[in-house]
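The block underneath contains the structure these notes are about, expressed in structure tokens.
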Amino acid sequence: MMADNQALAPLVERLGGRAPLSVDDRKALLALPHQERLVGPGGYVVEEGEVMIGWHVQLSGVAHRHRISADGMRHIVGMHGPGDFLNLPVTPPATSEDFVQALTRVRVAVVQTEDVLALSQGRIGIFRAICGEIAADISIYRAWISNVGRREARARIAYLLCELVMRSHPGGGADGCSITLPMSQVEIADATGITTVHVNRTLRAMQAQGIIRRHRRNIYIPDWRALTRIAEFRPAPWASRMVDDRFLP
């Protein structure tokens, strides 16, 4: 077990954005004993059917959550970045129903369930922060369902770009912000429920319309509000997402 004084800083920053944490609360979270592991791009952080012992916290990098349908099709149902609990809203030990796969180099910490529960029961600030994180995750999952429901392709891709912006900029999106896509067009297709060909055409159309500018995987957004209007994007659930330079490939 490790007790690196700063290793869990992404988790502390995340929870501190959900509810006020005292100095002692922050120190208690940073002092949690944990085990760390590194997962390379394409590797599995969590596999379907795996029994997850302890709370899994993503410390750096970017990963996606997906399921495989009976016909072998992959459906990406969420993204993960620094500070994310990978277990929510289930209390471990529990069997994972999804795969979590690394898109970039990912670092994960595993904290014992008893230690997290003890902190949340003894410190009201930490309890409220965890509840806030659960509520935010549920809101984000609902937004993903809505995004692949009845929206047209441009809105679906715009929504995904908005989420990636919120995950990579501390103050949220702004005119002139840019990101480096951690996803291929195949992965964008699996996350938006459209074909790879349609993804390519839609990105080209968005560029021609001046909604985005792109060079390879670098995306520049000249008008942030225009992108959020197209996506019907509400930034509140992502507001406390922590930035880490290692999040970008």
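Readers should treat all values here as calculations from the given coordinates under stated rules, not as data from a laboratory. Computed from a prediction, not measured in an experiment: that's the story for all the values here. Virtual Cβ from ideal backbone geometry, glycine too; neighbours counted across all protein chains shown.
Grab the beta carbon distance between THR196 and ARG105, set R0 = 22 Å, and tell me the FRET efficiency rounded to 0.05.
0.35
Within 10 Å, count the other beta carbons around each residue, average over each peptide in 97-103, 197-203, and list them highest first.
97-103, 197-203
Measuring from label point to label point, each 7 Å out along Cα→Cβ, what is the ARG150 to ARG225 span in nm?
With each label placed 7 Å out from Cα toward Cβ, I get 2.7 nm.
How far is helix 113-122 tilted, in degrees, relative to the longest principal axis of the Cα atoms in the chain, given as a value from 0 to 90 rounded to the nearest 10?
Tilt of helix 113-122: around 80 degrees.
Once both labels are modelled 7 Å past Cα along the beta-carbon direction, what's the LEU38-ILE53 spacing in nm?
My value for the distance between the label points is 2.5 nm.
Can you give the angle from 0 to 90° between the axis of helix 153-168 and the longest principal axis of the chain, with both taken from C-alpha atoms, to the nearest 10?
Once rounded, one gets 40 degrees.
Which shape class applies to segment 150-247: rounded if a/c is under 1.5, otherwise prolate when a/b exceeds b/c and oblate if not, where a ≥ b ≥ c are the square roots of the Cα gyration tensor eigenvalues?
rounded
Obtain the nm distance between the two label points defined at ARG234 and SER139 by a simple spin-label model: each point lies 7 Å from its Cα along the Cα-to-C-beta direction.
Computed distance between label sites ARG234 and SER139 equals 0.7 nm.
Counting C-alpha atoms alone, how compact is the chain: give Rg to one decimal and Dmax as a whole number, in angstrom.
18.0, 55
So what is the relative contact order for segment 9-145, in percent, with contacts set as C-alpha pairs under 8 Å and at least six apart? Don't skip to the answer; put the middle values down first.
On the way: 269 pairs, mean separation 49.3, N = 137.
With pairs under 8 Å counted, the relative contact order is 36 percent.
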